[in-house]
1. The range 159-309: percent of C-alpha pairs farther apart than 20 Å?
2. What is the helix-to-structure angle for 400-411, meaning the angle in degrees between its Cα long axis and the longest Cα principal axis of the chain, kept from 0 to 90 and rounded to the nearest 10?
3. Principal axis extents for the range 284-434, Cα atoms only, whole Å, descending order, please.
4. Can you compute 3J(HN,Hα) from phi for each residue in the range 117-122, using the Karplus curve 6.51 cos²θ - 1.76 cosθ + 1.60 with θ = phi - 60°, rounded to whole Hz and x for Gly and Pro?
5. I'm spelling it out carefully: the read-out is Rg and Dmax of the Cα atoms in Å, the candidates are (i) 23.1, 83; (ii) 22.6, 73; (iii) 30.8, 109, and one was derived from this structure. Which label?
6. Search the structure for amide H atoms under 5 Å from the amide H of Asn205, placed 1.01 Å from N in the peptide plane, and list their residues when 5 or more places away or on another chain.
7. Suppose every K and R has +1 on its Cβ and every D and E has -1 on its Cβ; what is the size of the dipole of the range 282-370 about the Cα centre, in Debye to the nearest 20?
8. Is there a pair in Lys259/Lys378; Lys201/Lys259; Lys309/Lys378; Lys228/Lys259; Lys117/Lys278 whose C-alpha atoms are over 30 Å apart, and which pairs would that be?
Amino acid sequence: MGRHGWNSATRRWRLTAVLGVGAVALALLVTLLNTLPGDGAGTEGTTRDGDKVHGTPAAPAGAAEPEVGWGFTHTQFSADEGPAAATGRVEGLLSKQPLPQIQHIMGWGAGNPEPSKGRYDFVEMDRRVDFMRASGGTPVVTLCCSPDWMKGGESGDTDWSEAALETAPDPAHYDDFAALAVTVAKRYPDVRHFIVWNEFKGFWNDSKARWDYEGYTELYNLVYKALKKVDEDIMVGGPYLVMDSLDPRQTHDASPTVKGSWGTMDQRVLDAFDYWNKHKAGADFVVVDGSSYTNDDELLPDEFAATDKFTAVGEWVRERTGDLPLWWAEYYVEPADGDDEREGWSETRRVAVQAAGLIAMARGGATSGFYWNPENEKGPDCAGCLWTPTDSADGGEALPMLDLVSRFGREFPPGTAYETVSVAAADVPRVRVLATDRTVLVVNTLDRSISAKVDGKQLELGAYGVKWLER
């Protein structure tokens, strides 16, 4: 997170910048006065006009809908930085099939948006929004995380450690966080979808050994109401809970009802969801995230069948929220190593399991989902990434995962009516299928070739083969 330091020397204003004469000097002086330190420390490089509209917002095509489809999340490194040839290449790829894109307001590629109260720095956030605009994707903003002064830190300082970043605002600063959300909404008026916070970070009640769902819901409601005052048509959703599951043999904290061969849901998560759902001020869509594996990184009974968890969770959520569209803000099918890297599988296997996960989410009623894009900062290799790193002019080339996410988004947009198709094969349970009246997605879950008859068509599927059929 170090590269996100808000006081980057490349963005500091220097007094010598105003030396000059006539209109040029006057214009520079006005700019300088707006960025000079005011009350509080560490305001160098900040401005007071955080809510000033940035750039040229895309004209809305109509009223915002609560469903945006299948896309991805920008992480620490993304295609907003690098040689123009590389970043432009990714823009071109995404423009062919525009995808909804998520960006957080602090961390994951964005600096501290408000280092001191009333002093703003949106340089990195502006660049990410510019990229989303240029690539034609529907922009979505996750309102996380919070500046240090809202959570016990020093005004003007930014601690980029994981522990600090994942600290929730103090209750006394919930209103300040809601005000920051309003500033963001005004700065980017073409952003019509906001997710409140991320994974209940910092909202854990140690004394009760459960989630602090009261605190999160209080923050959520303040942000929801504040954004609706900016524009009633802004779409807001939560609670972005991690839908943790346990080993099926575990009984402590285990749900007695939401379970399967993939494991058992953690009842504490379900309790937190139910509290938010009952006490929320409102919501335009509901957001969850999670992995197909248990909290012990077990894929039960195997990596493909484990994705059935997404279907079970989706059905459980939809049963409680009715008509609210279901979003998966993050979804994982491959356990990470000690360095939080996922490089143990071949790309063919990874794509196949991801495809099975997408199918499972759709079957559970989800209409929107966001792939957490793990782009590396540099180098030729990038396991699971959507494109190659953009650190060099020849970067930004499409990778297999981009084809899967883009095609899935194109073929199965919100409002899709799914159909049942026939499957005949020696290993029928090992073939995953999702179909509409136009398209069939077929996944071979075996590490060997198989022959199968799908929707009346004879197919030869290679190991972990993924095929699209036209009907």
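1. Everything past 20 Å amounts to 55 percent.
2. 80 degrees
3. 47, 42, 32
4. For the range 117-122, the Karplus-derived couplings read 4, x, 10, 10, 9, 10 Hz, x marking Gly and Pro.
5. (i)
6. Arg210, Trp211, Asp212
7. 540 debye
8. Violating the 30 Å limit, Cα to Cα: Lys259/Lys378; Lys309/Lys378; Lys228/Lys259; Lys117/Lys278.
Read-outs: derived from the displayed coordinates by stated rules, not from any lab. Given the structure is predicted, the values throughout are model-derived calculations rather than measurements. Cβ: placed from backbone, ideal geometry, glycine included. Neighbour counts: every protein chain shown.
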